[in-house]
Each structure stands twice: as structure tokens, then as C-alpha cells.
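The values are calculated or read from the model by the stated rules, or taken from the named source; none is laboratory data. Keep in mind the model is a prediction, meaning the values are calculated, not measured. With ideal geometry, Cβ positions are generated from the backbone for all residues, glycine too; neighbour counts draw on all protein chains shown.
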Amino acid sequence: MISGTSDWKLSLCLLALAAAACTQVARPPRQSAVPWWEAGGNPPGAEEVQQDTSARAVAEGPEPPDSLAAAGAEAHPPEAAESLDSPTAAGPAAGQAPAGPAPPEVEAALPPERPAPSPEVVKAQRRAYESRTREDRERVERVNEYALWCIERGLWEEARIHLEQAIAVDSLSASLHNNLGILYERLGEREKARAEYEFAARLAPGKRLYQANLGHLRRAAEARGVPADSVEIDGLPRARERRRGTAPARETPEEG
Amino acid sequence: MPTMNTAQRRIRAGALLLAAVLVWPPAGASAQDILSSQLRQGFGKNKVRYKDFDWHFVESEHLLLHYEPEFEDLADRAVDYLEEAYVHISALMRHELSTKPPIVIFKSHYEFQQTNIIQAFLPPGVAGFAEPLRYRMVIPFNGDLDDFRNVLTHELMHIFQYDIVNRGPVRRISNPIARPPTWIMEGLAEYSTEEMNTIDEMVLRDAVLTDRLIPLEVMDSSWNYLPNPFLAYKQSHSLMEYLAANFGPEKVSRILRVWDQQTDTDRLLERLIDMDMSTLDERWQAHMRKRYWPLLQHRDYVSEFATRVVDNDEIHGLYMSPEWSLGGDMLAVLSTDGVEQHVDIIRVSNGRRVQRVTTGMRTRVFDDLTFGDGTVAWAPDGSTIALVGKDGPKDAIVLWDLYEKKLVNTLSFDDIEIVEGLDWAPDSRRLAFVGTGYGQSDIYMVDVATEQVRQLTGTSRREDHPDFHPDGRRLAFSAKVEGQFDIRVFDLDTGRQSTLVATPGDDLWPEWTPEGDRVLFVSTREGINDLFLQDLGDGREYRLTRTLSGIMNPSLSPDGQQLVLNTYYHSRREMYRMDMPTMPELRRRSDELAARVGAEPVAAAEATAAGGEDPAGQDPILLVEKGAADSAAAGLADATRLGLEEAVAILDRKADSNQAMKLAEATGGGAGPVAAGEGGPSPAGALEDMGDALRRDTARLPGVPESALEGLPRRRYTPKLEFDGVALQMGYYSGFLAGVAQLSMSDLLGNHDLTLFTDYVGSQEINNDFTFAAGYSYHGRRPTYSAMVFNWNQYFNDNEGRGPFGGYYGIGARLTRGLVRSRQTGVLADMSYPLDVYRRIELSYSFVDEQREIAWPVQEPIDGSSTHLFKAAYVHDSLNIGLLGPTAGRRYYLSAGRTLALREVDRNFTHVEVDYRHYLRLGRWSVLGLRGTGIGSLGRDGLEYNLGGPAWFLPFYPGYNLNVGPLRGYAFSKFTGTRVALVNGEIRVPFIRNITFGWPGTFAIPAVDGAIFADLGSAWNKDQTLDPWPLQSPHAEIDPAAAEEVRIQGGVGFGLLVYFLAPLNFEFARRTDFKDISGWHMHFSFGRSF
């Protein structure tokens, strides 16, 4: 029985090294170990190079809770809650990134935006927001990070279901809604994606990346061929920093 | 895996050294050899004795069974089983044992691993062993009484085999390792147990259908190097069944006696059945093909309806116990590549690894990952993965947080040693599992937050595969009832059980669908594991598969849309994914598969007997016993094999009417399928418990009557030394004929070892002095102790020329050199305390007094010295070791020693030594080995160590135990000094794995590796200095002042490492002083590379 492929590659390398010790061998260019959003390259499967703007999210920092009052936020989008049971057959297969333009059925024009909720609803949400415990906030942040970890690996369904689960616990986290919007967009559910972006933008109106994602979504709907990968993933830089050990782990709970 | 106890290793090393010094006395051999033997540190993992066992024994008619009172019930069962097996095997082999074999049982595998009867590490796959010299059998209980009975029977057959082959005490001593071919020994042992189960059949059937049967000639010659030993066992079993069915059971009885007269397998078979080995193999294979190939017409390959998850053709790659992630994108699996075992998260879509869960956990969190059925579980909320690792003496559940990618908790439980079958409740707080401890296995549930444990079942029968209902209030599981697994449901609110599925075969691995109204399960009703779905709404059962290979470990995705499962294909366990059919599709498919039933050519369950021609020969076990049917005991033995109903009848005949009535009630209440919901507070569980107890009573009857069993003498075990073996060595050196005799003794449990040595020196010139050494070691507690006292004389020529005539002495007209006698007297004492499997602390004290004198032709003292040496060491060893050397992990030690100089003539030095080795995997079998070591023997009388040549040249070569390590390119022990530094780097890559040659004869070479290496090192003395910078200008002038400066020496080269009976190393190296480089030098050495 012949042993493993990697072993044989190594064996051949050793033989080549021994035979050509004095021969200069041109080295192939190294593949970057930097993730695609950080390197400014394509996501897996995407055809065009996208501008990475996620650093802005760090520069802007978390939104203060006071921004919520100005958000005129609505309740957690019912579509998102329903999507727990909705079929996702229209989206790409699990573990695969979509390649090329989105399919025609998701290119339909987006429906008009809905009116903002009443002040009473906003007030109730704010109370709920303020009653969150530190553990709740930390858990949400962990789920967010995990979702980003899944997104890095193209595990869209896994990320979606965890984000939906987290939103069921904390429906007022702007970053959760933004990232869920990205997943919906990736899975071809643009109506749900728009609702999530809008909700995130209302929760944190000062955060430009949510508006930018909404804008990208609109442009993608208007102009065929605009890839959906130009969206901004919120929380990713912080998650990276935490993994590198350069960010305070639990000092600042994720922004509202 | 080297696991020799440190104390024992010391004794043996000391004994070998003494023997070596005598038989090959190198000039100048002295007390230094003994001291350096004590100082040089050894590696190796520890056999940790976690428990202070309280051994008792019971003596029955044919055996002595050793057990602990805490599992006396299990011991009673074992006596029943063994006496029954004795009757059965005795009739089969037509032989009575010459002595009562001592049998030791343990209540779990982890306690079994602590036995001292064998020093080797006992991995989880080892179900027990029997040793040929003292006929000891050692068996652990694995949680299933039927398996326990089978292993007891299997090992007892080995005792019969040893007794037949090595008749009489002389042959037992002189011929303990001369054994018939392993396929005959193991085939007979398997043949004596019950028929093959469906997993055994699965492995054998796959080998036939994929043309991967192992040729009989290869099994005969290369058993130890077979890549699939499990298949070899099953083939051997099948061959014995074939022999019995086609040539008569008496051939099986005769085979060992024929071997006694003719040890060549070909001739043995010709004498037995008038057929050589290749003809037998050809006919048996033809028989197997006729048996299994018709299945192809009516059964499906799994690949026809499912997709392989992991596209990996490596035979050592294995993925099992799949568990779905919350989103259905990933699976958590147990995986191994043949070197390491891990829990991995892989993508469902392509099988590629996303995350390794257990990185760095081995040695830090647990000793070893428990690689069993259902030892991984992914919590329904998707955030936590539970896995099982052996931590000290028992399993612990390890909880790993997926969000944080870190370990969050470990849970271990009193009295539960083995954990398997994990399943999370829907709330992701409670975890059900199968726990084995105190002689039985049951289902438990633990709240992972509060760590509160609840025992759900409590019978002696085997329970397995718990699966929570989606409402979290019920639990389905497999339970063995009347020798077969049914699926039962435990109501967590009421604590009641009911039967959910009970088909004629085993019903295993229940999986609730997400709606909770159907249960997916595996049934073995036709002898092949197939998938079924029980619809609790309409009460119908649907068949999902009719496979060729069989199905294990099915796991439904959280949405119920997909299914992953294990099957056995191409001699390894494969993982497949299939879509769950919709109900209309399922109905159509089930009807289509059911329609094939009438056309099924062979019901594999019925085809387990090998012969087709002779129905009477289908169960040779019963046939033999029925031949002795007059005996009531034999009749009852039949009864227990036939099942409970027949047992009822026999009990009835025995006028034990009360017991029979109880038994009938119990079987009536517990048998037969009960639809869900009907069970309610039914007394089924209680009745089955009663049935269980009665079955146990029934099982008692065959071998020993109940009253006799209860009256058997039981006593506490007291150690008594018994003879283990004797070794004799003879040698001739420079006019001496010298011999060493070694006598070894130990107690039955191997806790006490005593070894005695003496020698004989034949010479015309000297009288033989009294020479002896006695070593004792004790392993009965966690710290181990050893001690040796010795008074050893050795002789060598006076090469220094002390005689009056130019160094010679005059004897008559002849001049001759004198003879020097070196008398070494002393004590060696060691203590080793294992912190865990991988780490230990060692302490030792040595006293050696050496007196040298001219012994002939005059008697004149020369010199003498004494040494009191204290040493302490810390050792870490977590290596994985392959045939040719380490494959992964690291090992290191730090040791320090100091002498106590009480007199001026006493030796005075300080010893420090460090050795660090790290092995990095570069591929599946490729490894980069790095090593750095340094020794300093500081002070007036520092010991001198050697450097140069390969690591291990020849045993007993002069200075072999003082050679520090490989510095290839130089002669063996080229450099000498009290200080040594050495650095090695070596890359080993595999060239060949498992190649079998057909000429001359059939033999196998299991591994050939290639290596490139570089060594740097130097040895120097107190008055010299080491220049650590190896490079020097080729034009540099030699500075006389630097004459005492020692430079680093180097060697580079390549090697071919071949495993053939032992590791053989052929290495080619060039040496360099970093100014010039030499030509090629070849080294040959034995032993594993560093």
C-alpha cells in the first residue's frame, strides 16, 4: 500500500532537494494567508475584486445606545423570524459561495419601504434593550463572532441560523441585523436582506456601513451584474483583533 | 507503545548489564558501567496504578477466578459462563485441562489496563488475553454480558490450546512460544464462541464482494503485520467453520494434535484434510463467493443511493460517529489518520476539515480521546460539542464551546468509568449517555450546568444509543432483551419504560425525526444492518434500504432532510450522506424494497454456518454437545444457547416449577412489540428486570448448580511467588567460558517480581567466585519500587602490564599476563511515581563498591573505590511511536545526580543531563525529528561518555550504554568526554508500507522509510573548552594555545530504515569539522531511530 499523498509529495521534494541542491529553483508566488476581505480580494467564488471598507467600522467605533432613540426602530422584522421555517432552496448550496450574477428571480425590484413603528413600540424596545444583562450582550457578541467565522468559511446556513437564534434573544443588535442581512443577500433572499439592513441602519443611523450595504443591495437590484459581495460585514475587524489578542475581550459589549 | 514499568525496566537493564559485562567483558569494564546504567535516564509512558485493588478468588470445579468483592455478581456470572464454556470446549477439543487456570476479571477496560500481568500497554481494542506459561487469563467487562461471555470462551479456548500444544511442565517451560499459526489459534478460539454477529458478517462480506480477502498464505506467515487484523480474525473463524462443515467437526478437534506432529502448515493440512494451504484457500474463497455474490442481485451498494462525505482513499483514514451542526452545513466526527485521533468539524458538502476540536487536548485535558460509538455530540443550540476523553482512571465528558473555540468544562462521575452514546436534550442543558461501572452499563442523564446526574436505567442488560425525543421528555434507546436489542422508550416524567420496536433481529441506533412522530432505526433482521422508519401515527414500518454492506451510526440532520451514516466498504468504515425521502416516496420505496424479499437468495443470518451441503454440520457446537446428551449439564448448556423459552421447558423438566413460572411471566410481559403510548405505566421494565435476574439464574445452571456456586470457597488473594522462567547465557572470552543463569518469579497478579542471577566462569587459572545478583520490584501501588543487591566478579587480562617481567608474570618457563578480578558489590534502589500516563518523577540511590586485584598468578590488590549516588529525574513522554520510530509528540527529561564522598577514595562528581526531542508531522507518515541533549559529569571523578556512530549499534557492545547518541559519519564511540553536547535533526519519509513477498517463502516488510539527517555534537573534558561556533576559516593557523579547544563535529547523510522483524537502519553519512568534509561512511544499526 502506498502511503499518503502528502508524504509522497514530501518524498519527491526531498529527492529534488538532494538532487538539485545547488540549483536555484524559482519559487511560485505564495498564496496569501490573509482573508479575502482583508486582502481586498474576491470572496470565494466572486468574480470581481471588491473594495474592502470594513476598516471603517473600526474607525467609527460602536454606536452609543442613545442613537437608538433616533433610530425609529421597528420590531424585529417578521420575515426574519419566519425565515426559520422558510425553505432556502433558492439560495446557493450550503458551503458554496455563489459565482457570478445573482439568479434572475432575485433581481426583481425591491418593494417600497415600510413606515416606521410607533413611539410606544420604540419605547418598549428600548426598555428591553436596557434590561439586557452583560451575559446576554456577551453571548450575542460571541454568536456574532461565530457567524463571522462561518462566513469566512462559506458556511452560510450555519451562520444564518445562529444569527437568527441570537436575534431571537437580542433583537436590537444592529450588527446582528446587518450580518444577517448579508447572509440573506448571499442566500438570495433580498427582501429579507433589505429589511435587516434597514433595521440595522435605524438602530445605528450614524454607522455608514449599514447604509452602504443597503445602497449596494439597491444597486444590485437595479443593475444586473452588480455582485452582492460588496457588502460590509460588521464586527469582523474586532473579531480579528480579538483573535490576535489586540482587542479587549469583553470590556465593551457589542454596540446596539 | 513502551510501557514497561520504570522499576521493572531498571531491574532488567541492570540484569542485562551484569550479564553483558560477564559474557562480553570489555577491557576496563568497571563500576562505571553500573553507575552509568543508573544515571542514563529512560523514556517510556507509565502504566499508572490508580487503584488499590482488593483481590479475592473463588475456586470452582475447573478454574480459579480472581475478582473484587465490589463486583461479586459479575464474578458469579463469569464462573457460570466459564464452567459452561469449559464443558463446551472440552467436548469440542476432547481434552481436559491439566490444571485449573487462574482467571482475573476486571470490571472495566480502564482497570484492566492497570494489570501487571502483562507490561505492554493494552489499547481499547484489546478485549482480553491469555498467556501460555502460567495459563493466566485476564478479561475486562465491557458492559455487555454476551460479549463478556464470548471473550471468556475465546480466551479459555486459548488455554486449552496451550495445554494441548505444551503438554507437561517441561514443555510448558521450554516451549511457551512455539505456537501453531495464529490463524489456527484465533480461528479455533472464535469458532468456540457464538456465531458471527452482523458486524463480523459485514466485514467478511465486504472482503468477499470487493475481492479483498487476505490470502491464507499471507495470514499464515505475516499475521502480525496485516493491515486489517479484524478481517483476519473473521476469516480464520470462517475457515474453521468451513473445515467443520465440510470435513467434520472432528477435524477441528484434531488440528492441534496434528500440528504437534507436523508444524509445517501445508503438511499439517495435507495430513488433516488431504489438501494443501492454497487449495483450501481457493475452495473456501469459492464457497464464500457462492454465499455472498447472489446478494448483488437484490441488494444495493450504499453508493447507489447516497454520496460519500469524505473523499479519502487512505486505508487508515477513518471518520465515524457523525453529528450534525445546527445549520446542517457541518458535521462533528471522530477521525483518525492512523497516527493521531481527533474530533474534527468537517463540511458536509465536501468532507474537508473546517476545525479541529481536540488540538492540544491530549496530555493537557485528557490522556487519550475515547474513540467509541457515540462519543461526540453537538448540542441542539449549536454552541457546544461534547466529547469523551480518558482522564486518569476513567472517562470524562469534555464540553467544548464552538463560539469561543475553547474547552469550557469537563464532567466526570463517581463509579462511572466508561462513557459513550452521548446525546443532548433539546434544551442543550441535559446530556444523556451510557455509563459503565461496577460491572454493568446503564443510561444516565447529567445537567451540564449543575452537574447533577440521574441514573435512568439499572439493569444488568446492555443499553445503548440513547436519543432524546424532540419534546425533551422521552428518551429512546436500544436495550438488550433476551439476547437481542429492542428499542425502548424511557419517560423522564414518570420513570417508566415501554417497548417501541421489537423485531426478530437487533434494533439499534434510534433517531427521532424532528416532528417526533417517527423513529428511524437500524434493524439486523435479515443479518444485514438496514434502515427502517417506524411511523408512530399509522403504526407502520417502512424500509429505507436493502444494502449489501450494512449501515451503522445513522444521524438525521436537524431539519430531518438529510441523513449521514457509516457503512463498511473496501475494508474500511466509510461515511455517506443521503436525502431523507418524503413520505410518499418512502412508501413507494419501502414497497419496492419489500417486494425483493421473496427473491432474497440467502438470509445472511441463516447462512452463518459455513457448510451448505451438510445441514447437520451447521452448528458444530451444538452437534458436539448433543453427542454427549446424556449428561444433564450438557443438555442444559444446549438450553441456554437455545434461548429462554427452551430454558423454561428445561427448567420445567428439572421440576423447578416455581422458577419456570416466574420466567414465563417475565418473558410474557416483556416480549413483543408495544406501540408507543400503550406502554404507559406497564410493568414491562420491572418484568424484564425480573426476567433478567432469572436469566442469570438460568445461566448458572449449566456448569455449576446454583447451590454449588454459592458454596464455592472464596478467599482473599495473598501473593505467592511462582516460577516465570529461566534464561541461560553462555559466552567465551579470552580463555574463559562464562555463563549467566537468570531465574524469574512473580506472583499471579504480577505485582511482585523477583529475579535471581548467578554465573559460572570456567578457567584453569582461577577458582570460581560466588557471584550473585537479586532484584525485586513491586508494582502493586501507584509509586513503584525496585531494589537490587549484587556481588559480582568479573575477570579480564591485565593489559596495563603489572607483572615484574616487562609487565608479564613468569610461570615456569612461560611468561604470561596477569588476570585482574574486579569485584563489584552494592545496592541499587529506585522509586518511580507516575503523575499521569505521560509524566513521572524518579528517585534512586546507588551504592557500588569496586575492588580490583591481580587474581592470578599472584594475588595483589590494585585499587578500590566506593560510590554513593543519589539521583532525581523528571520525565515526560507523550510520543506516538510507529514501527521505525516516533511519529508525533515530544519527550524530554531532566535529571540530576550527586555522589556522597565519605572517604577520600570515594568517587566524587555531580551529574546533570537534559534530553529534549520533538517530532513534527509533515505528512501522514512523514516526520521531522529534532533532538538536543547535553550531559555533564562534573567533578573530580566524573564519568566519561562516548559520542560517535549510530544511536544503538549492538547490544552489549563495549560502551553501548555510555554512548550518548547518533553522530553519524564517525566510528562508534569515537569521542569521549565528561561533557557531551549533541543536536540532531532528521526527516523521515515513508517509502513502502506493507509489502508482501512471495519468494523465498511468504514474508512481509511492513515499513521502509527514507531519511535525511544532520548531526552536530562534541565531547570534551574538564580541562578543555568547547568552541560553540562550528565554522572556521580553512586558512586559519593552528594556535598552540588553542590545542585544548574542542570543536563541534558534524555529520550529514541519508538512510534507509527497514522494518524486518526489527528496525534495521542502513545509514550513509559524511563527517565534517566545518573545514573539510569526508567521503561516505556506512553505518548499520538496530533499533528505532531517535
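Considering only the stretch B:969-1026, state which residues are within 14 Å of another protein chain (Cβ to nearest Cβ) and among the acidic types (Asp, Glu).
Of everything in the stretch B:969-1026, those that are within 14 Å of another protein chain (Cβ to nearest Cβ) and among the acidic types (Asp, Glu) turn out to be B:GLU986, B:ASP1009.
Count, please, the residues in the stretch B:96-113 that happen to be outside any helix (DSSP H, G or I) and out of contact with any Leu (no Cβ under 9 Å at 6 or more places or on another chain). Talk me through it step by step, then tell me what you get.
In the first step, residues of the stretch B:96-113 are kept if they are outside any helix (DSSP H, G or I); the result is B:96-108, B:113.
Still in the running and out of contact with any Leu (no Cβ under 9 Å at 6 or more places or on another chain): B:96, B:98-99, B:106, B:108.
Qualifying residue count for the region: 5.
Would you confirm whether or not the stretch B:443-457 contains a residue that is farther than 23 Å from A:GLU158 by Cβ and within 14 Å of chain A (Cβ to nearest Cβ)?
Step one: list which residues in the stretch B:443-457 are farther than 23 Å from A:GLU158 by Cβ, which gives B:443-447, B:449-457.
Among the residues that remain, those that are also within 14 Å of chain A (Cβ to nearest Cβ) are: B:449.
Yes, there is a match, as at least one residue in the stretch B:443-457 is farther than 23 Å from A:GLU158 by Cβ and within 14 Å of chain A (Cβ to nearest Cβ).
Condition first: modelled with pLDDT of 95 or more and among the hydroxyl-bearing types (Ser, Thr, Tyr). Now tell me which residues in the stretch B:459-493 satisfy that.
B:SER478
Looking at the stretch B:388-435 only, could you name the residues that are in contact with a His (Cβ under 7 Å, 6 or more places away or on another chain) and on the phi > 0 side of the Ramachandran plot?
B:GLY421
Going through B:LEU296, B:LEU272 one at a time, which residue ends up being of a type in the set (A, V, I, L, M, F, W, C), surrounded by fewer than 20 Cβ atoms within 10 Å (Cβ to Cβ), modelled with pLDDT of 90 or more and more than 21 Å from B:ILE528 (Cα to Cα)?
When all the criteria are applied, what remains is B:LEU272.
Test B:GLU72 against the stated conditions and say whether it is without any contact (Cβ under 8 Å) to a residue 24 or more places away in the chain, more than 19 Å from B:THR193 (Cβ to Cβ) and surrounded by fewer than 21 Cβ atoms within 10 Å (Cβ to Cβ).
Here the answer is yes, as B:GLU72 does meet what is asked.
Criterion first (free of Cβ contacts under 8 Å to residues at least 60 places away in the same chain, buried (at least 23 other Cβ atoms within 10 Å of the Cβ) and in contact with a helix residue (DSSP H, G or I) (Cβ under 8 Å, 6 or more places away or on another chain)) does B:LEU65 satisfy it?
For B:LEU65, the condition - free of Cβ contacts under 8 Å to residues at least 60 places away in the same chain, buried (at least 23 other Cβ atoms within 10 Å of the Cβ) and in contact with a helix residue (DSSP H, G or I) (Cβ under 8 Å, 6 or more places away or on another chain) - is met.
What do you reckon, is B:ARG291 away from chain A (no Cβ under 14 Å), closer than 23 Å to B:ILE214 by Cβ and under 34 Å from the mean Cα position of the chain (by Cα)?
Yes: the conditions hold for B:ARG291.
Does B:VAL789 count as of a type in the set (A, V, I, L, M, F, W, C), out of contact with any strand residue (DSSP E or B) (no Cβ under 6 Å at 6 or more places or on another chain) and farther than 30 Å from B:LEU1064 by Cβ?
no
Of the residues B:GLY923, B:GLY897, B:GLY864, which single one is more than 17 Å from B:GLN41 (Cα to Cα), over 24 Å from the mean Cα position of the chain (by Cα) and more than 14 Å from every other protein chain (Cβ to nearest Cβ)?
B:GLY864
Working carefully through the options B:ARG577, B:ARG589, B:ARG525, find the one that is among the basic types (Lys, Arg) and within 30 Å of B:ASP381 (Cα to Cα).
B:ARG577
Which condition breaks for B:ASN566 when tested against (1) surrounded by 21 or more Cβ atoms within 10 Å (Cβ to Cβ); (2) under 30 Å from B:LEU213 (Cα atoms); (3) touching a helix residue (DSSP H, G or I) at 6+ places or on another chain (Cβ under 9 Å); (4) polar (S, T, N, Q)?
Result: B:ASN566 fails condition (3) only.
Restricting to the stretch B:327-372, count the residues that are more than 10 Å from chain A (Cβ to nearest Cβ) and of a type in the set (Asp, Glu).
Residues that pass the stated criteria total 4.
Can you list the helices (runs of 4 or more DSSP H) found entirely within the stretch A:137-206 that contain at least 1 residues being within 13 Å of chain B (Cβ to nearest Cβ) and among the small types (Gly, Ala, Ser)?
A:156-169
Evaluate the stretch B:477-490: report whether one residue or more is without any contact (Cβ under 8 Å) to a residue 60 or more places away in the chain, part of a loop (DSSP other than H, G, I, E, B) and on the phi < 0 side of the Ramachandran plot.
no
Here is a check on your reading of the model: is B:GLY998 of a type outside the set (Asp, Glu), surrounded by fewer than 16 Cβ atoms within 10 Å (Cβ to Cβ), modelled with pLDDT under 90 and farther than 19 Å from B:SER37 by Cα?
Details: of a type outside the set (Asp, Glu): yes; surrounded by fewer than 16 Cβ atoms within 10 Å (Cβ to Cβ): yes; modelled with pLDDT under 90: yes; farther than 19 Å from B:SER37 by Cα: yes.
Yes; evaluated as a whole, the condition is true for this residue.
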